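To keep things clear, I will list the structure first and then write my remarks on it.
The values are calculated or read from the model by the stated rules, or taken from the named source; none is laboratory data. Bear in mind the structure is a predicted one, so any value in this text is a computation, not a measurement. Cβ coordinates were reconstructed from backbone atoms using ideal geometry, including for glycine residues, and neighbour counts include every protein chain displayed.
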């Protein structure tokens, strides 16, 4: 039984080295799983459909954990390969999938028990460095950034105008709201909107008619500046028109819903207005959007919008106003007796005063710059994932140790074919550690058996070629990344195993060239 393009597609990750992508302009050298996945397209439509499923594993893991895409792809390939061997032998694919799901759920519970919280800068540096391909310099940069804005702070990455990579703290804030429509995305690789020197409209009103914002759109178009709309909602005719004009390249615009609810929403919008230097267009003051001018809009030096959050880096001109706002909120905090109000005021002060740590990435060439930015992005995501759910031993050791819990889980499964699903997970879990050992020139099976016989924190360190306490050696992974990689791999593998047929577009035959036509006339 064929399992489409999964084997050939998965082999790209098994080598564990850099990959050169031949893109428009200069080639790109990357070591980032999801970037490689998105760039690959196989010639055979059947194989490409299978490859798309592995791309989905990488994308889902990147979206949920920000790292671990290579591990997730390796796990998915192994589960699919082993699962299809069982299915071709006559096993029921639905029962196998149930066994896989039940086993993974139990293993995730074990992982939560075994993970430990991040302890200080040492753990943060180790996590960041490993995620960036064992780059200690990037690990140091992430530690410096976290120290400046705190573990709950906001990190932004941008290109530097020099060869040096530096960390600077700038005024700004993060909003827990993403774009209203994915059609606003400007960077399709990262699925984010990225604006520089954008104008910002801040209002607590709903926008549904295009007539309300048409005058403002005409003015911002003349300025040739991107426009960020922050409103209670943007829907109907207004949203449709914005999307159509964005896709046609007429407008460079994006919209997000206002954060918070009720009176708190109004207060948060006022904070955003101060950060950007905008005039808050309040509904209860009769400030109609159709009467808003560009002079009443704010300015953001940089805006980054994902599906779930928005980061605004303020223009230098608003620094004094932000500090005055923080002082005002601190006075309100000292005067309130309400516990709820105190918490919310403290949150607002933290958002405004924390700022945004901007890592300005420098490099000698454009190719090196893009590679370094991808590595720092992975390091940033892995660090926040570790802060959120803790850490586990790296190098695939956590998965090998988890595989020793499978026999006990298997005993609780009554259906023999569900037990096959448990066996598949047990075998697949050792694949990442085995591959790491193989890439280091060591026998994978020997390393795996040695890890199984050792305590939880012990495993194989490919950098030193030693079997040691990986946590003490700084070879650690975020528990969230480990969890998401396993869950997403099992999810997509389950879909493949229960798929009976595949439908692809029939390739069209190219018409033969007319005989005798001179070259260069096609």
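Results, tabulated for the structure shown:
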{"item": "Leading residue by the ranking (surrounded by the fewest Cβ atoms within 10 Å (Cβ to Cβ)) among those in region 391-408 that are modelled with pLDDT of 95 or more and part of a loop (DSSP other than H, G, I, E, B)", "result": "404"}
{"item": "Subset of region 422-456 that is in contact with a strand residue (DSSP E or B) (Cβ under 9 Å, 6 or more places away or on another chain) and not in a loop (DSSP other than H, G, I, E, B) - its residue that is surrounded by the most Cβ atoms within 10 Å (Cβ to Cβ)", "result": "451"}
{"item": "Entirely in region 90-203, the helices (runs of 4 or more DSSP H) that have 1 or more residues that are in contact with a strand residue (DSSP E or B) (Cβ under 6 Å, 6 or more places away or on another chain)", "result": "120-131, 136-149"}
{"item": "Condition check for residue 344: surrounded by fewer than 20 Cβ atoms within 10 Å (Cβ to Cβ) and part of a strand (DSSP E or B)", "result": "no"}
{"item": "Test result for residue 280, within 29 Å of the chain's Cα centre (by Cα) and either farther than 19 Å from residue 182 by Cβ or at pLDDT below 90 (or both)", "result": "no"}
{"item": "Subset of region 472-505 [over 26 Å from residue 424 (Cβ atoms), in the same structural domain as residue 90 (by TED's automatic domain parsing) and surrounded by fewer than 21 Cβ atoms within 10 Å (Cβ to Cβ)]", "result": "472, 473, 474"}
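Every residue, every condition in (1) under 27 Å from the mean Cα position of the chain (by Cα); (2) farther than 15 Å from residue 297 by Cβ, yes or no:
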residue: 185; (1), (2): yes, yes
residue: 189; (1), (2): yes, yes
residue: 200; (1), (2): yes, no
residue: 203; (1), (2): no, no
residue: 206; (1), (2): no, yes
residue: 211; (1), (2): no, yes
residue: 218; (1), (2): no, no
residue: 224; (1), (2): no, no
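Each row is one residue, and each column tells you yes or no for (1) surrounded by fewer than 22 Cβ atoms within 10 Å (Cβ to Cβ); (2) under 30 Å from residue 195 (Cβ atoms); (3) at pLDDT below 90; (4) under 24 Å from the mean Cα position of the chain (by Cα).
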residue: 80; (1), (2), (3), (4): no, no, no, no
residue: 93; (1), (2), (3), (4): yes, no, no, no
residue: 102; (1), (2), (3), (4): yes, no, no, no
residue: 105; (1), (2), (3), (4): yes, no, no, yes
residue: 110; (1), (2), (3), (4): yes, no, no, no
residue: 137; (1), (2), (3), (4): yes, yes, no, yes
residue: 141; (1), (2), (3), (4): no, yes, no, yes
residue: 155; (1), (2), (3), (4): no, yes, yes, yes
